[in-house]
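Take a look at the structure below.
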Amino acid sequence: MNFSKKLINWYSVNKRDLPWRKTQNPYFIWLSEIILQQTQVKQGWPYYSKFTANYPTVFDLAAAKEEDVLNLWQGLGYYSRARNLHASAKYIVNELDGIFPNTYKEIKKLKGVGDYTASAIASICFNEPTAVVDGNVYRVLSRVFGIETPINSTLGIKEFKTLAQKLVDVKQPATFNQAIMDFGSQVCKPKQPLCETCIFNSTCLAFNLNKVSALPVKLNKTKITEKYFNFIVFLVDGDLTLIEKRTKKGIWQNLYQFPLIESKKELTLMEITKRVKVQFELSQLEIRLFNKDVITHKLSHQHLKTKFWVVSTSNLTANTTKIKDLNNYPVPVLIQNFINDFNF
DNA sequence: AAAACGGGGGA
DNA sequence: TCCCCAGTTTT
């Protein structure tokens, strides 16, 4: 029996029961695929439930405010996914009369949709025989076929896509694509894969050459940078504070935060005090450090060494926000954790 | 071709 | 602590 047949047989017995497996509605499939980019099923599931409940159709999503979409996305990370999702919903409604594109080529034109997601939607919703290549597929194929080309090299990306395309069952691409991903996540796992009971273990090159833990090959570890974040938490007359929107490109674009003083080195109380006085035109102020120990917020590519400075004042000229309204604004997890820990 | 982009979970 | 996750976009 060939690779695809064995895989689909395995899937028919072992497929997981997931909410987005009950539909072929491209809007729902699209939603699930965007949510699941670089995100595990367990983490993405509640977000899929929230989004389908709040925005049952693409028209509802298109009509929403970006701020509300980001607020619903809060905590999931990679916030450009939410901004692109919202922009694409408006594009589908305004330019395509609300009709979801139905070919790989047209689907890929949506913001936030690359080769993987376009292949997934085209195959699952429209039976187009285009193969998905995600982290699971790289792992399964590199091991079973003993391919040592780095998966994050230009050559590797082309090589694995070509192989997957050759293997995909053109009669049932949706089943094949979901089968290989499910197999990768449940059996051919990154660590402690279930090789002893694997359906491919008699032919798997990695298993028979004892190279399972060495595959797939990946190059270029991202180096981590350190930054110092000092958030200024104003307390104005007991019930007001000050927040700002991150409008620049970079992390957390369009999310909100307390006024931020960023630096490459640690700043002293004196330096913080001076900068706050100048920036907010305060002659004197009462300032205290909330967290005695620095909070290191770890992202995949940078470590943010963070301090929250609490400033009490009554004569602030800037536009303040009611503390009880803070939950209306999308904020990074780092900020949300502070709001939860700090008893305003 | 390389860097940027979050956060949670598992070993 | 390190690695991985149903990747895409920008530089």
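Quick notes
- Apportionment of accessible area to carbon and sulfur, segment A:225-341, percent (1.4 Å): 47 percent
- A crude spin-label estimate for the pair A:N343 and A:K171, with each label 7 Å from Cα along the Cβ direction, gives 6.8 nm.
- Our estimate of slack between A:N201 and A:E271, defined as 0.36 nm per intervening residue step minus the Cα-Cα distance, is 18.9 nm.
- Counting every alpha-carbon pair across segment A:148-298, the share separated by more than 23 Å comes to 62%.
- Lysine pair count for segment A:225-341 with Cα-Cα distance under 12 Å and sequence separation of 8 or more or different chains is 8.
- Measuring r between the beta carbons of A:K221 and A:Q279 and using R0 = 25 Å, the FRET efficiency lands at 0.10.
- Note on A:N54/A:D239: beta-carbon distance plugged into 1/(1 + (r/R0)^6) with R0 of 25 Å gives a FRET efficiency of 0.30.
- Legend: residue pairs A:K111/A:K158; A:K191/A:K211; A:K108/A:K218, Cα-Cα distance threshold 18 Å; pairs beyond threshold, A:K111/A:K158; A:K108/A:K218.
- Averaged per residue, segment A:1-114 has 51 square angstrom of accessible surface, using a 1.4 angstrom probe with ligands and nucleic acids left out.
- Amide H to amide H distances under 5 Å link A:W252 with A:Y79, where only residues 5 or more positions off or on other chains count and H is placed in the peptide plane.
- Under 13 Å from A:K109, Cα to Cα: aspartates and glutamates that are on another chain or at least 8 residues apart: A:E95
- In Å², nearest 10: area of A:K6 left accessible to a 1.4 Å probe: 50 Å²
- Principal-axis tilt of helix A:115-126 within chain A, Cα atoms, nearest 10 degrees: 60 degrees
- Rg over Rh for chain A works out to 1.06, using Cα positions for both radii and the Kirkwood form for Rh.
- Take every Cα pair under 8 Å whose residues are at least 6 apart in sequence, average their separation, divide by the length of segment A:69-151, and the relative contact order is 17 percent.
- 12 Å reach of a label modelled at A:L209, 7 Å along Cα-to-Cβ, counting backbone N of segment A:130-170: A:142-149
- Segment A:225-341 gives an Rg/Rh value of 0.93, both radii derived from C-alpha positions and Rh following Kirkwood.
- Debye-formula intensities of segment A:1-154, expressed as log10 I(q)/I(0) at q = 0.12 Å⁻¹, are -0.56 (one equal scatterer per alpha-carbon, no solvent).
- C-alpha center-to-center spacing [segment A:195-219, segment A:45-62] in angstrom: 39 Å
The values are calculated or read from the model by the stated rules, or taken from the named source; none is laboratory data. The structure presented is a predicted model; accordingly, all values stated were derived computationally and were not measured. Positions of Cβ are backbone-derived with ideal geometry, glycine not excepted, and every protein chain shown enters the neighbour counts. Please note that ligands, DNA and RNA were not included when accessible areas were found on the heavy atoms of the full protein model with its side chains. Shrake-Rupley method; radii C 1.70, N 1.55, O 1.52, S 1.80 Å.
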